Structures are given as C-alpha cells and as structure tokens.
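Written out below as structure tokens is the structure these notes cover.
The values are calculated or read from the model by the stated rules, or taken from the named source; none is laboratory data. Everything quoted here is computed from the prediction, not taken from an experiment. Neighbour counts run over all protein chains shown; Cβ positions are idealised from the backbone, glycine included.
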Amino acid sequence: MEQYTVTGMSCAACSNRVEKAVSKVEGVTSCSVSLLTNSMGVEGTAPPQAVIDAVKAAGYGASLQNGSDSGKQQRADADALEDHETPVLRKRLIASLVFLIVLMYFSMGHMMWNWPLPSILEGNHVAMGLIQLLLTAAVMVINQKFFISGFRGLLHRAPNMDTLVALGSGVSFLYSTCALFAMTDAQVKGDADAVMHYMHEFYFESAAMILTLITVGKMLETCAKGKTTNALKSLMKLAPKTAVLLRNGKEITVPIEQVRKGDQFVVRAGENIPVDGVILEGAGAVDESALTGESIPVDKSEGDTVSAATISQSGFLRCEATRVGEDTTLSQ
C-alpha cells in the first residue's frame with residue numbers, strides 16, 4: 001500500500017471527494033482517506049503520479065510519502081498527528097470576536113440597547129455604514145481560509161461546507177455594500193426616508209457573525225480531534241523499537257526497521273511482539289488490549305497469528321513475520 005499526504009481538506013465532503021477521484025484511476029483497487037491525519041492509503045498498480053494528478057484535479061494537493069526509512073516515516077506520522085490547527089484557530093477566533101463585538105456595538109447597540117454613540121457619528125449614517133463595512137471586511141480577511149477553500153471547491157465543481165459559509169457571508173456583505181452605496185446616493189439627494197430605509201438593509205453583522213460562529217464550531221471540532229490524535233499518539237508509542245531475530249541458529253537483536261517479511265523472531269514472557277506474524281513453535285497468553293480493548297489475555301499456540309505491540313505474558317513463541325512496517329495491524 002502506498003501512503004500519500006493530502007493537503008487542502010477541511011471536512012468529510014473533502015475526503016469523500018478525494019477518495020472518489022482516486023478510486024476512478026485505472027489500476028487503483030482500493031483507496032482510504034483519513035481527514036484526521038490528512039493522509040491517504042492506495043492499493044493497486046496505478047503509478048503514483050496518476051494518483052497525485054487525480055487528487056489535484058479534484059482541487060487538493062498530494063505528495064507521496066517516502067516509506068524507505070521507517071524511522072523518518074514514524075516521525076512524519078507523529079508530526080501529522082500533532083495539533084497544529086488549534087493555536088491558529090484560537091488566534092482567528094479571538095481576533096474575530098474582537099472585531100465582531102465592536103461591529104455589534106455600532107450596528108445594533110444604539111438601536112436595541114440605547115448604547116451611546118460617539119458625537120461625530122450622531123446622525124451620520126454614511127459614516128456608520130462605512131465603519132460597519134470596514135469591521136466586517138476585517139473579519140472576512142481574518143477568516144479568508146473559508147473563501148479560499150470554498151471557492152476553490154466551487155471552481156472544481158466539488159462544493160464543500162466552506163463553500164456554503166463563503167457564499168452566505170459573501171452575499172450578505174455584497175448586498176449590504178450595495179445598500180450602503182444606495183444610502184449614500186439618497187443622502188446626497190437629501191432623501192431622509194430613503195436613507196433610513198437603506199440603513200435597515202445592512203447585514204454586515206450577519207456576514208461577520210456567520211464567519212465567527214463557524215470558526216467557533218471549527219474550534220470545538222479541532223479540540224475533539226486533538227483528543228483523538230492524543231490517543232493515537234499514545235498507541236504509536238506502544239510500537240517496539242527492536243526485535244530478536246533467529247539467524248543461522250543464533251538470536252540477534254536488530255532495530256524494528258530491519259525486520260523483513262519471512263524473518264523468524266522469538267518472543268519471551270513480558271516482551272512486546274515486534275511485527276505481525278504466525279506462530280511456528282511454542283504457546284502462551286498474549287495481551288491484545290492495546291489493539292482490541294479486551295483485557296483478558298488470549299491463548300496462542302502453533303498456527304495462530306500475533307500482532308505488533310501486543311504483549312506475551314507467558315510462554316515462549318517462535319514466529320514468522322507476515323506483515324512489517326506500514327502493513328502491520330498497529331500501523332493500519
């Protein structure tokens with residue numbers, strides 16, 4: 001299975017779009033996309049460049065992960081699980097809230113709660129509209145990622161959640177801007193009734209509110225995602241770093257990266273099973289709770305399979321490696 005890093009995904013619709021696009025590539029037998037780690041596993045005979053081109057045609061980016069160095073790959077996997085989004089979203093949310101609160105003060109405060117306005121703005125409706133426009137534009141710039149992702153998806157005929165957010169906020173902003181120009185024209189002509197009419201047609205606060213509330217949702221989603229990635233990182237730490245192989249009748253300890261399919265390895269009581277394999281000789285109880293959650297050890301004997309990161313609690317096992325590296329149950 002080839003592993004790829006996918007960029008630009010923001011929701012489940014994005015991962016589904018990538019999966020469908022890659023599945024249509026000739027030679028691909030199966031494709032699995034993980035939004036959690038921004039990665040993709042592809043099985044089949046399709047060349048990597050064809051897979052990457054399919055992802056790019058769907059509106060996203062992709063690159064082949066180099067699995068030649070397992071140590072580097074493990075570090076890359078751990079880095080993929082690091083929570084890089086929460087700090088960025090937190091800054092975006094705080095900045096959005098600051099501008100939104102000020103915007104709500106100027107747009108709604110004096111009408112709903114009789115909050116006082118600066119004397120220079122009393123009766124100056126055009127200035128009030130301009131302030132609201134600038135504050136809303138600031139919130140839109142802070143949350144520009146919604147517009148970039150949303151309209152990119154729309155251009156590739158693959159609209160996603162960001163497309164809905166961008167359209168809702170953008171339409172509110174454009175409609176309000178047109179109302180502001182119309183009100184300015186009415187002000188110049190001295191039509192006070194038209195000025196008041198257009199003033200009530202402003203929806204700048206709605207455009208900013210949409211972006212801010214969706215950012216709150218994104219923040220909550222990222223926090224939940226962070227808890228999941230912490231659990232996955234804990235699971236990755238269970239992977240053994242060495243294995244005891246049988247070579248020329250002697251036991252030698254080698255790094256886990258050097259274990260190959262078909263190698264014979266031995267596991268004694270209290271040791272971790274390094275890779276997936278099948279038992280050739282011996283019997284014992286194996287703790288598989290790390291993978292299955294089952295706390296009761298499972299009895300294993302000749303012919304049974306064992307999985308990486310499980311623990312032999314008793315007995316002696318001589319096994320043959322059947323899956324190593326990224327193919328092990330733990331890696332999957």
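Only residues that are touching a Leu at 6+ places or on another chain (Cβ under 8 Å), of a type outside the set (Val, Ile, Thr) and surrounded by 12 or more Cβ atoms within 10 Å (Cβ to Cβ): list them for segment 231-257, please. Selection gives LEU232, LYS233, LEU235, MET236, LEU238, ALA239.
Per-residue answers, yes or no, for (1) assigned to a loop (DSSP other than H, G, I, E, B); (2) touching a strand residue (DSSP E or B) at 6+ places or on another chain (Cβ under 8 Å):
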{"position": "TYR4", "(1), (2)": "no, yes"}
{"position": "SER15", "(1), (2)": "no, yes"}
{"position": "GLU19", "(1), (2)": "no, yes"}
{"position": "VAL22", "(1), (2)": "no, yes"}
{"position": "GLU26", "(1), (2)": "yes, no"}
{"position": "VAL33", "(1), (2)": "no, yes"}
{"position": "VAL42", "(1), (2)": "no, yes"}
{"position": "ALA50", "(1), (2)": "no, no"}
{"position": "ALA54", "(1), (2)": "no, no"}
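Of the listed requirements (1) assigned to a loop (DSSP other than H, G, I, E, B); (2) surrounded by fewer than 19 Cβ atoms within 10 Å (Cβ to Cβ); (3) not polar (S, T, N, Q), ALA308 misses just one: (2).
The requirement of being within 20 Å of THR328 (Cα to Cα), over 31 Å from the mean Cα position of the chain (by Cα) and in a loop (DSSP other than H, G, I, E, B) is fulfilled somewhere in segment 264-272, by at least one residue.
To keep it simple, each residue is scored yes or no on (1) touching a helix residue (DSSP H, G or I) at 6+ places or on another chain (Cβ under 8 Å); (2) over 30 Å from ALA58 (Cβ atoms); (3) modelled with pLDDT of 85 or more.
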| residue | (1), (2), (3) |
| --- | --- |
| ILE120 | yes, yes, no |
| ALA127 | yes, yes, yes |
| GLN132 | yes, yes, yes |
| LEU135 | yes, yes, yes |
| MET140 | yes, no, yes |
| GLY150 | yes, no, yes |
| LEU155 | no, no, yes |
| ALA158 | yes, no, no |
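Select from segment 292-305 the residues that are out of contact with any strand residue (DSSP E or B) (no Cβ under 6 Å at 6 or more places or on another chain) and farther than 15 Å from GLY277 by Cα and write down the one among them that is surrounded by the most Cβ atoms within 10 Å (Cβ to Cβ). Out of the qualifying residues, it is THR292.
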